[in-house]
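Written below as structure tokens is the structure these notes are about.
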Amino acid sequence: MTATQVSVIGAGHIGLPTAAALVSFGHEVVCAESDPRRLRILQDGGVPIYERNLDEALARGREGGRLTFVASAAVAARTAEYVFLCVPTPELPDGSADLSYLRQAAQEIGPSLLPQAVVVNKSTVPVGATHLVEQTIGRDDIMVVSNPEFLREGTAVEDSLHPDRIVVGADDQQVAARVGALFATTGAPLLVTDAATAETIKYASNAFLATKLSFINAIAGLCDEVGADVRDVILGLGYDHRIGFDFLRPGPGWGGSCFPKDTRALLHIAESANYDFPLLRAVIQTNETQLRRIVDRLETALGCGAPSVSEAQTPLGTSTIAVWGLTFKAETDDLRMSPAIRIISDLLTRGARVQAYDPTLGKAGGPVLPERADQIRQEFRADGVSDAKLDGFSLRTSSVLACEGASALLVLTEWQEFRDVDIARVRKALERPLIVDARNLLDPAAIRQAGFQYIGVGRH
Ligand code: UGA
């Protein structure tokens, strides 16, 4: 098989795993990255984001000389038969998707594309945006197709190499089938459809998964009220093959760079089409409730459920809370729309002091990386936390150090190392033996035996 020349525009959470997978399927890939810092890291053989197995996957491509990195999208595109657009589509204040990076990429590559080249849009875009890219490029010989990605951060390499399905949407079904053939070695089912349907599939998938999570989080809340145990409820649900076990782990609420943005974007799409979608509104609202519920439960456990006259009089207002986990889930360094950030913002705003530990702060036992500390503070500011309240926030370099002198421990991310912690040392460090485990990560029996009050999500 002769290698197909492919380019990938954008070396981020989607672009890099996609590039690594395309190389492993036998293609030659030129990847464009406009951020000079990221580009330098990539050209020096490094990886600018944390993603499991990505370094090895990229190294394999580099060694074979089949993966290179350049600054210019136009340069990357000029030798490619297929150009994959993997640029971000962040959320605008009204909930719609910001398409400016996509437009800019289309403008840059347009003039340098080979005759008959195919542009493949992987970025998550509102229905109709694939045609917008086509119009922006403005060339009759160039076809733009939609090929949404379904990668999860943390397992993005694995998900790219072994996708559940490949969806390609285009006006010309033959071109769509050719794009599908780039992934033939995966053996995944190929669904060829039109662009609007492919774009809708992406939003529908994320909204459905978010619905599953809001549903199980709400059931967990109900379990707390009626004395049922959500873990057995999940078993009873999951054995029904129409429901399955996946995506039924209750937590502090869902977050990350996709679900919050994509559910709101889908709502915006529905509203623009004058289509009422109360179910989706409820899914989003349930998630907001879940984030608040975790802090409410902690507050109640600290003994301050009743309304008080001033913040300083509430136990939260005078407490130091230890927090484990800052990223939006384990196995990633991504802080965007992290439930942990949202929950800590709430704690700080209610007057608590917070000592946080996260495995991505730097080398174990070493100093906190200053760049990482800045990034974290930036997330709180973006969440509306004032500098005065932010003074109450500090970072610690181990899970035990975070607990020193704190009135309670709040577990917000499901890192394995939290499961393996020496609980006796945690007991010694905490001033009061109270654990609120928002990920149902720890074993309640062992924790209670060690002398703690344990509060999980929907567990008795
Ligand atoms: C999500 C989708 O799962 C991917 O299929 C999709 O491609 C991606 O968005 C995207 O649109 O790019 P991702 O945001 O990386 O992937 O992470 P998930 O593993 O889906 O987790 C999302 C949130 O749900 C996290 O906050 C996570 O902790 C939470 N979650 C997930 C739970 O609380 N419980 C679960 O059982 C699973």
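The values are calculated or read from the model by the stated rules, or taken from the named source; none is laboratory data. The structure displayed is predicted, hence computed values, not measured ones. FYI the Cβ positions are ideal-geometry reconstructions off the backbone, even for glycines, and counts take in every protein chain you see. Areas reflect the complete protein model, heavy atoms only, side chains present, ligands, DNA and RNA absent. Shrake-Rupley method; radii C 1.70, N 1.55, O 1.52, S 1.80 Å.
Tabulated data for the structure shown
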| read-out | value |
| --- | --- |
| First in the stretch 136-153 and more than 6 Å from the ligand (Cβ to nearest atom), second anywhere and open to solvent by 50 Å² or more (accessible area, probe 1.4 Å), Cβ under 7 Å, 6 or more apart | 136/103; 136/107; 141/115; 141/116; 143/172 |
| Residues of the stretch 388-405 classified as in a loop (DSSP other than H, G, I, E, B), of a type outside the set (Ser, Thr, Tyr) and closer than 15 Å to residue 325 by Cβ, total | 1 |
| Filter result for residue 381 (in the same structural domain as residue 288 (by TED's automatic domain parsing), charged (D, E, K, R) and open to solvent by 40 Å² or more (accessible area, probe 1.4 Å)) | yes |
| Which listed residue is open to solvent by 50 Å² or more (accessible area, probe 1.4 Å) and under 27 Å from residue 337 (Cβ atoms), from 398, 386 | 386 |
| Selected residue (criterion: nearest to the ligand (Cβ to nearest atom)) from residues of the stretch 1-12 that are surrounded by fewer than 23 Cβ atoms within 10 Å (Cβ to Cβ) and either within 22 Å of the chain's Cα centre (by Cα) or β-branched (Val, Ile, Thr) (or both) | 12 |
| Matching option when the condition is open to solvent by less than 10 Å² (accessible area, probe 1.4 Å) and more than 21 Å from residue 207 (Cβ to Cβ), among 230, 226 | 230 |
| Residue 366 vs. criteria under 17 Å from residue 415 (Cα atoms), open to solvent by less than 70 Å² (accessible area, probe 1.4 Å) and among the small types (Gly, Ala, Ser) | no |
| Residue match in the stretch 129-142 (condition: in the same structural domain as residue 10 (by TED's automatic domain parsing) and closer than 30 Å to residue 330 by Cβ) | no |
| Residues of the stretch 135-144 satisfying the condition of being in contact with a strand residue (DSSP E or B) (Cβ under 8 Å, 6 or more places away or on another chain) and assigned to a loop (DSSP other than H, G, I, E, B) | 142 |
| Tally of residues being under 21 Å from residue 204 (Cβ atoms) and surrounded by fewer than 16 Cβ atoms within 10 Å (Cβ to Cβ) across the stretch 153-170 | 2 |
| Among residues of the stretch 405-426, those that are closer than 18 Å to residue 298 by Cβ and surrounded by fewer than 18 Cβ atoms within 10 Å (Cβ to Cβ), counted | 1 |
| Filtered residues of the stretch 333-354 (kept if assigned to a loop (DSSP other than H, G, I, E, B) and either at positive phi or crowded, with 24+ Cβ neighbours inside 10 Å (or both)) | 337, 338, 351, 352 |
| Qualifying residue in the stretch 416-423 (condition: touching a strand residue (DSSP E or B) at 6+ places or on another chain (Cβ under 8 Å) and in a helix (DSSP H, G or I)) | yes |
| Residue within the stretch 217-228 that is part of a loop (DSSP other than H, G, I, E, B) and over 27 Å from residue 439 (Cβ atoms) present | no |
| Whichever residue in the stretch 174-187 is surrounded by 15 or more Cβ atoms within 10 Å (Cβ to Cβ) and of a type outside the set (Ser, Thr, Tyr) and, among such residues, is nearest to the ligand (Cβ to nearest atom) | 183 |
| Test: residue in the stretch 150-158 that is aliphatic (A, V, I, L, M), modelled with pLDDT of 95 or more, outside any loop (DSSP other than H, G, I, E, B) and farther than 29 Å from residue 116 by Cα | yes |
| Entirely in the stretch 18-134, the strands (runs of 3 or more DSSP E) that have 1 or more residues that are farther than 23 Å from residue 257 by Cα and open to solvent by 50 Å² or more (accessible area, probe 1.4 Å) | 28-32, 67-70 |
| Leading residue by the ranking (least open to solvent (accessible area, probe 1.4 Å)) among those in the stretch 235-282 that are more than 12 Å from the ligand (Cβ to nearest atom) and closer than 24 Å to residue 437 by Cα | 237 |
| Condition broken by residue 231, with the remaining ones in (1) among the charged types (D, E, K, R); (2) within 23 Å of residue 330 (Cα to Cα); (3) in a loop (DSSP other than H, G, I, E, B); (4) away from the ligand (no atom under 11 Å from the Cβ) satisfied | (3) |
| Filter result for the condition that a residue is in contact with a helix residue (DSSP H, G or I) (Cβ under 8 Å, 6 or more places away or on another chain) and in a loop (DSSP other than H, G, I, E, B), over 295, 385 | 385 |
| Residues of the stretch 171-212 satisfying the condition of being within 27 Å of the chain's Cα centre (by Cα), assigned by TED's automatic domain parsing to the domain that holds residue 24 and free of Cβ contacts under 8 Å to residues at least 12 places away in the same chain | 187 |
